[in-house]
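The values are calculated or read from the model by the stated rules, or taken from the named source; none is laboratory data. Here the structure is a predicted model, which means the values were calculated and not measured. Positions of Cβ are generated from backbone atoms using ideal geometry, with glycine treated the same way; all protein chains shown enter the neighbour counts. Remember, those area values only see protein heavy atoms, side chains included, never the ligands or the DNA or RNA. Shrake-Rupley method; radii C 1.70, N 1.55, O 1.52, S 1.80 Å.
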Amino acid sequence: MNRQETLHAIRHSPEISVLIIGGGVNGIGTFRDLALQGVDALLVERGDFGGGTSAASSHMLHGGLRYLENGEFRLVNEALQERDRLLRNAPHYAKPLRTTIPIFRWFSGLLNAPLKFAGLLDRPSERGALAVKLGLTFYDFLVRRERAMPKHEFRLRADALREYPQLNPAIVCAATYYDAWMPCPERICLELALEAEASNKNCHALNYVSAICGDGDSVALRDELTGETWRVKPKVVLNVAGPWIDLVNDDLGRGNQRFIGGTKGSHLILHHPELLAATGGSEFYFEHEDGRLVLILPYFNRVMIGTTDIRIDQPDEAVASEAEIDYLLAMVNKVFPGLRVERANIVFTFSGVRPLPYSEGGRTGQISRDHSIRTIAPDVRRRYPIHSLIGGKWTTFRAFAEQASDLALSDLGRQRRQSTANLPIGGGRNYPRNEAARERWLDELGRRSEAPPDRLKLLFERYGTRAEKIARDLGGADDLPLTHHSGYSRGEVEFILREEKVARLDDLLLRRSLIAMLGELTRELLHELAEIAAETLCWSAERKEQEIRRAVKILRVRHRVEL
């Protein structure tokens with residue numbers, strides 16, 4: 001069903017088992033889990049799927065090396081297991097990542113953990129080689145039975161500088177280990193939502209729909225595109241609104257409790273070929289003297305720099321500030337002092353809020369990154385429970401979703417049918433596992449498709465095995481490249497618009513593709529894409545101009561992109 005058909009069906013059949021409020025990865029992961037258990041569920045997201053915190057991550061899939069110092073061993077163990085599962089289940093969007101830690105001292109930070117446990121240390125100190133060695137050794141130990149990637153290694157200064165000549169010569173050594181990264185986290189969210197609906201005809205996911213109030217046995221919803229409102233009658237409500245959880249509970253009439261104390265993290269995308277070459281394809285992950293962690297991540301033909309960790313009360317106000325930009329650029333100079341990195345290199349910025357549990361004091365880095373569920377029981381004014389999902393990391397979304405799903409199943413008196421632990425995601429299904437298998441897969445697709453080989457390879461890199469479905473829809477030689485972006489064709493854009501729940505122009509620019517994030521968007525391309533969207537989605541001329549103005553404003557205000 002398309003969006004209008006889904007809205008019509010829900011209005012005429014308002015009773016549902018589970019209402020999920022929030023379309024980030026935790027909400028969509030829970031939606032998919034419940035769909036596979038045969039539960040009828042409705043997911044509503046006031047913006048676009050994966051458009052909030054889930055889009056603003058550092059694009060990392062990791063166990064959280066620094067969480068060991070906080071004693072969060074359960075979280076690190078779970079995250080490492082889930083990282084490796086995602087590498088298996090979504091190999092098109094989860095990739096191994098070689099990570100290098102430049103180390104400037106030998107023994108600093110050894111007493112961090114015991115002093116924190118004793119409550120005698122709040123201010124962090126820089127971790128030296130021995131502290132990092134202990135952490136990485138434990139990291140390797142946790143995945144010893146199902147090792148997916150190589151063990152860590154240490155190199156002394158001379159060896160490290162031979163591999164990375166631009167690295168700061170003040171280091172004493174460098175450690176290298178493997179984690180993973182996500183090129184397109186928003187597309188993982190999308191594929192989970194599409195799969196959930198395909199697996200269960202009684203499950204629906206709607207973007208641009210808000211929960212505006214709740215009482216009795218119902219919740220009022222509003223279509224943010226038309227302003228229309230209607231009510232649904234859920235048996236269970238899952239509040240998975242991330243940093244907005246307290247605001248949603250307030251709208252539902254339960255705003256007297258504070259669950260969230262979010263912190264803002266900002267990132268920069270740089271066009272800087274010298275810096276990209278200096279990384280040698282490795283992420284650099286290091287610690288500033290104030291204890292904040294910074295990463296330099298090769299990101300296609302760009303470089304991503306992040307992240308900050310600043311308390312914030314209003315998640316809608318999260319944008320990269322001038323001070324954050326200065327801080328992040330200075331950190332690059334600490335690691336690669338011979339390179340000149342400045343504002344002119346920035347092509348895109350983004351910022352989001354981590355949905356961390358509320359904490360009145362202490363340093364932000366000490367707030368737990370673990371996940372939990374807080375329940376507001378039914379009462380005389382409201383006859384359904386509200387379960388709020390607090391915290392969580394991208395890496396652990398599947399485990400968190402399973403926990404939330406089991407809680408909802410318990411409320412409904414139902415049993416789990418299957419686990420998602422080993423279930424492929426979207427274009428990761430039947431994914432060829434080595435280069436020879438990939439070549440065979442592409443050759444076979446080429447025989448069934450009119451698209452040229454280089455085009456099929458690009459589609460495979462973007463969509464995994466979903467490329468087969470897209471290739472079938474393309475018009476072969478008639479599928480011409482866009483006038484203002486040769487890497488995309490009109491047929492591919494039309495497929496995205498038609499099949500991937502696009503409701504606004506910025507959905508296409510920011511979350512269905514990397515066009516804006518990689519600094520590839522021009523005013524001419526913006527208008528070309530808007531024209532295709534208007535024709536495919538039947539927008540009026542007025543609606544098309546509204547979407548262009550909206551996209552330009554979002555890009556300027558939230559991402560520092562001027563068109």
Revision key, fill the gap. Check: C-alpha center segment 1-25 vs C-alpha center segment 427-469, spacing in Å is 34
Exercise for review: About the Cα centre of segment 303-359, how large is the charge dipole given +1 on each Lys and Arg Cβ and -1 on each Asp and Glu Cβ? Please answer in debye to the nearest 20.
Suggested key: 300
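For Ala541 and Glu342, what does the FRET efficiency come to when R0 = 30 Å and r is the distance between their Cβ atoms, rounded to the nearest 0.05?
Values: r = 41 Å, r/R0 = 1.37.
Calculated value: 0.15.
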Review point. Nearest 20 debye, what's the magnitude of the dipole of the chain about its Cα centre given +1 on Lys and Arg Cβ and -1 on Asp and Glu Cβ?
Key: 1260
Point to revise | Spacing of the two label points (7 Å from each Cα toward its C-beta) at Glu146 and Asp454, in nm | key: 4.1
Review point. So for the pair Asn256, Trp106, with labels modelled 7 Å out along Cα→Cβ, what separation do we get in nm?
Key: 6.0
Exercise for review: Using only the Cα atoms of segment 144-258, each taken as one equal point scatterer with no solvent, compute I(q) by the Debye sum, divide by I(0), and report log10 of the ratio at q = 0.21 Å⁻¹.
Suggested key: -1.28
Revision key, fill the gap. Residue-ordered couplings for segment 184-197, obtained by feeding phi - 60° into the Karplus form 6.51 cos²θ - 1.76 cosθ + 1.60 and rounding to whole Hz (Gly and Pro as x), are 9, x, 5, 6, 4, 4, 4, 5, 4, 5, 4, 5, 4, 5
Exercise for review: Exposed loop chymotrypsin sites (Phe, Trp or Tyr not before Pro) only (DSSP loop, at most 16 other Cβ atoms within 10 Å): please give the longest stretch of the chain free of them, not including the sites.
Suggested key: 359-563
Exercise for review: May I ask you to give the solvent-accessible area per residue for segment 208-280, in square angstrom, as obtained with a 1.4 angstrom probe?
Suggested key: 35
Study note, to complete from the structure: Going residue by residue through segment 494-507, the Karplus relation 6.51 cos²θ - 1.76 cosθ + 1.60 with θ = phi - 60° gives ³J(HN,Hα) values, rounded to whole Hz and with x marking Gly or Pro, of 4, 4, 4, 4, 7, 10, 10, 6, 6, 10, 10, 5, 5, 4
Practice item. Apply 1/(1 + (r/R0)^6) to the Cβ-Cβ distance of Glu435 and Ser410, taking R0 = 56 Å, and write down the FRET efficiency to the nearest 0.05. Key: 0.75
**Study point:** Inter-centroid distance (Cα atoms) of segment 150-194 relative to segment 300-320, Å
**Key:** 20
Check your understanding: How far apart, in nm, are the 7 Å Cα→Cβ label points at Phe73 and Lys469?
Key -> 4.4
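Listed highest first by mean packing, meaning other Cβ atoms within 10 Å per residue, what order do 371-379, 83-91 come in?
Values: 371-379: 14.3, 83-91: 20.8.
Highest to lowest by the protection proxy: 83-91, 371-379.
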Check your understanding: For the charge dipole of segment 406-563, defined by +1 on Lys and Arg C-beta atoms and -1 on Asp and Glu C-beta atoms about the Cα centroid, which residue among Phe460, Gly428, Leu526 has the Cα displaced farthest towards the positive pole?
Key -> Gly428
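Looking only at Cα atoms, what is the convex hull volume of segment 281-436 per residue, in Å³?
Taking the convex hull of the Cα positions in segment 281-436, it is 190 Å³ per residue.
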Point to revise | Rounded to whole Hz, the Karplus (6.51, -1.76, 1.60) HN-Hα couplings of segment 275-281, x for glycine and proline | key: 5, 4, 5, 5, 6, x, x
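Can you tell me the dipole magnitude for segment 487-563 around its Cα centre, using point charges on the Cβ only (Lys, Arg +1; Asp, Glu -1), in Debye to the nearest 20?
On the way: 15 positive and 15 negative charges, 92 e Å.
Value, rounded to 20: 440 debye.
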Review point. For segment 377-492, what is the accessible area per residue in Å², given a 1.4 Å probe and the full set of protein chains?
Key: 51
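Step through the table entries Lys201/Lys233; Lys264/Lys544; Lys95/Lys133; Lys201/Lys393, compare each Cα-Cα distance with 21 Å, and write down the pairs that go over it. Each step should come with its number before you reach the end.
Details: Lys201/Lys233 18 Å; Lys264/Lys544 33 Å; Lys95/Lys133 24 Å; Lys201/Lys393 29 Å.
Violating the 21 Å limit, Cα to Cα: Lys264/Lys544; Lys95/Lys133; Lys201/Lys393.
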**Study point:** Dipole of segment 302-458, positive end: most advanced residue of Val335, Ala401, Gly413 [Cβ charges, Cα centre]
**Key:** Gly413
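With the full set of protein chains in place, find how many percent of the accessible area of the chain is carbon and sulfur; take the probe as 1.4 Å.
Details: 11610 of 23080 Å².
It is 50 percent, rounded to a whole number.
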Exercise for review: Note down the accessible area of Asp313, probe 1.4 Å, to the nearest 10 Å².
Suggested key: 110
Review point. Based on the Cβ-Cβ distance of Leu161 and His484, what FRET efficiency does E = 1/(1 + (r/R0)^6) give at R0 = 35 Å, to the nearest 0.05?
Key: 0.25
Revision key, fill the gap. In the list (1) 18, 42, 27, 11, 1; (2) 20, 55, 24, 1; (3) 17, 29, 18, 15, 12, 7, 2, 0, the entry giving P(r) over Cα pairs in 20 Å bins from 0, in percent computed from the coordinates is (2)
Check your understanding: What is the set of long-range amide H partners of His272 at a cut-off below 5 Å, with H atoms built 1.01 Å from backbone N?
Key -> Val303
